[in-house]
Amino acid sequence: MKNTFGNNISVTLFGESHGEAIGAVIDGLPAGVEINEAFISHQLDLRKPTGKISTPRREKDEYKFLSGVFNGKTTGTPVCVVIPNENTQSKDYSASYGKARPGHADFTAFSKYNGCEDYRGGGHFSGRITAPLVVAGAVCIGLLKKKNILIGTHIKRCASVDDAPFSEYINDIESLSEKSFAVLDDEKGAAMISNIEAAAAVGDSVGGILETAVVGLPVGVGEPWFDSLESMLSHGLFSIPAIKGVEFGAGFSCADMTGSVMNDSFFYENGAVVTKTNNNGGINGGITNGMPVVFSCAVKPTPSISKEQNTIDFINKENTVISVKGRHDPCIVHRVRVVVDSITAISLCDMLSQKFGTDWLGE
């Protein structure tokens, strides 16, 4: 029943999609960290639905810190943030209770919690719970920026359209931070949006791939074996609803490479150690090597679709059909982007604290 992630800096999530509120408790933050509320609101805006390619559900996401923040800075004690749920329509779910929505956790949640779960809108399994995760991530992103560590994610592929690749990492990351639909090629982005709208028009949905780059990480972050940088980042990334695959650097394509192609040759440039290629995604032996850390996440199509699907009624124990009602996204890839940035920042702050101590982040 654990809902906590992290060791030195940890985040505990609470709440349900249609409950009174959702929130997070962030523990381990050093004292004196400035809380930039304008930046937190900006990050929450990036997660909000937009236009025809998102759910009609609109939440203000007016967060409130209940503890751990005083005079605009952290006190060193646990930080608790709460976000009210205001625009709920629970009746959309009561009529279909017991029918397992394909791709959702309805059946598994019922089995784990013996029917005591809040099923409305997916309850605690809903993507709605990523909102407080974004608040926690915004605080951690601010900590990393002061150490000149930057995180950026773009929509590498969506609705059968490929975006341009990263080229100049710092400039690309800075430009992506202001985009609600995070692509490096706006024409490609327009094509993606058109295809998403086409899928929505026939009651279907689409998925995609997000690619993330982290620059500025010092060499030597990560532990061998079980707490490698890949292990810890993957732990957090796979906790995000809809993430079904994670790969670092060349990822699965390395299976078709020879060693001479896959290996990243080292050389000195202006006194710094760099590699000619970055097929290993900036990580060797689970530890950062100073190159940009690069990884991709596969985001599945939104499982809530209006098309009729075969399923079961696990209350009456019979086969049935379902057409999912309610307000849903035909694509969540563009909204998941900021959640990936957030969990990446939380994971990195946790691992940097393991190497340097939590006070180092506050210096």
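The values are calculated or read from the model by the stated rules, or taken from the named source; none is laboratory data. This structure is a prediction, so every number in the text was calculated from the model and none was measured. In this analysis, Cβ positions are derived from the backbone assuming ideal geometry, glycine residues included, and neighbour counts consider all displayed protein chains.
Here the condition is being among the small types (Gly, Ala, Ser) and over 18 Å from THR50 (Cα atoms); of ALA164, ALA182, ALA159, ALA190, it holds for ALA164 alone. Look at GLY203 and say whether it is of a type outside the set (A, V, I, L, M, F, W, C), out of contact with any Cys (no Cβ under 7 Å at 6 or more places or on another chain), in contact (Cβ under 8 Å) with a residue 60 or more places away in the chain and more than 23 Å from GLU168 (Cα to Cα). Yes, satisfied.
If you check GLU230, GLU223 for being among the charged types (D, E, K, R), touching a residue at least 12 places away in the same chain (Cβ under 8 Å) and part of a loop (DSSP other than H, G, I, E, B), only one passes: GLU223.
Is at least one residue of region 328-343 aliphatic (A, V, I, L, M), part of a loop (DSSP other than H, G, I, E, B), over 19 Å from the mean Cα position of the chain (by Cα) and farther than 30 Å from LYS147 by Cβ? Scanning region 328-343, I find no residue that is aliphatic (A, V, I, L, M), part of a loop (DSSP other than H, G, I, E, B), over 19 Å from the mean Cα position of the chain (by Cα) and farther than 30 Å from LYS147 by Cβ, so the answer is no.
Considering (1) outside any helix (DSSP H, G or I); (2) over 19 Å from the mean Cα position of the chain (by Cα); (3) charged (D, E, K, R); (4) within 24 Å of LEU237 (Cβ to Cβ), the lone condition that ARG157 does not fulfil carries the number (2). What residue, among those in region 166-178 that are assigned to a loop (DSSP other than H, G, I, E, B) and in contact (Cβ under 8 Å) with a residue 24 or more places away in the chain, is farthest from LEU210 (Cα to Cα)? Among those residues, the one meeting the criterion is SER177.
Taking ALA191, is it among the hydrophobic types (A, V, I, L, M, F, W, C), free of Cβ contacts under 8 Å to residues at least 40 places away in the same chain and assigned to a helix (DSSP H, G or I)? Against the criterion (among the hydrophobic types (A, V, I, L, M, F, W, C), free of Cβ contacts under 8 Å to residues at least 40 places away in the same chain and assigned to a helix (DSSP H, G or I)), ALA191 qualifies. Restricting region 223-249 to residues that are among the polar types (S, T, N, Q) and under 15 Å from the mean Cα position of the chain (by Cα), the residue that is nearest to ASN3 (Cα to Cα) is SER239.
All of LYS156, LYS112, LYS146 fail the test of being basic (Lys, Arg) and within 24 Å of CYS349 (Cα to Cα), apart from LYS146. Would you check which residues across region 6-42 are of a type outside the set (Val, Ile, Thr), under 30 Å from ASP227 (Cα atoms) and surrounded by fewer than 21 Cβ atoms within 10 Å (Cβ to Cβ) and list them? Result: ASN7, ASN8, SER10, LEU13, PHE14, ASP27, GLY28, PRO30, ALA31, GLY32, GLU34.
Within region 277-293, the set of residues being within 19 Å of the chain's Cα centre (by Cα) and either part of a strand (DSSP E or B) or of a type in the set (D, E, K, R) (or both) comprises VAL293 only. There is at least one residue in region 289-311 that is without any contact (Cβ under 8 Å) to a residue 40 or more places away in the chain, among the charged types (D, E, K, R) and out of contact with any His (no Cβ under 9 Å at 6 or more places or on another chain).
Being touching an Asp or Glu at 6+ places or on another chain (Cβ under 8 Å), farther than 29 Å from ALA109 by Cβ, surrounded by fewer than 18 Cβ atoms within 10 Å (Cβ to Cβ) and touching a residue at least 60 places away in the same chain (Cβ under 8 Å) is a condition met by at least one residue of region 277-286. Would you pick out the residues in region 119-154 that are surrounded by 19 or more Cβ atoms within 10 Å (Cβ to Cβ) and part of a loop (DSSP other than H, G, I, E, B)? Matches in region 119-154: TYR119, SER126, ILE149.
For region 294-323, residues that are outside any loop (DSSP other than H, G, I, E, B) and under 16 Å from the mean Cα position of the chain (by Cα) total 6.
Kindly indicate whether any position in region 51-72 is surrounded by fewer than 16 Cβ atoms within 10 Å (Cβ to Cβ), under 28 Å from ILE9 (Cα atoms) and at pLDDT below 95. Scanning region 51-72, I find at least one residue that is surrounded by fewer than 16 Cβ atoms within 10 Å (Cβ to Cβ), under 28 Å from ILE9 (Cα atoms) and at pLDDT below 95, so the answer is yes. Taking region 221-244 as the range and being in contact with a strand residue (DSSP E or B) (Cβ under 6 Å, 6 or more places away or on another chain) and exposed (fewer than 15 other Cβ atoms within 10 Å of the Cβ) as the test, only LYS244 passes.
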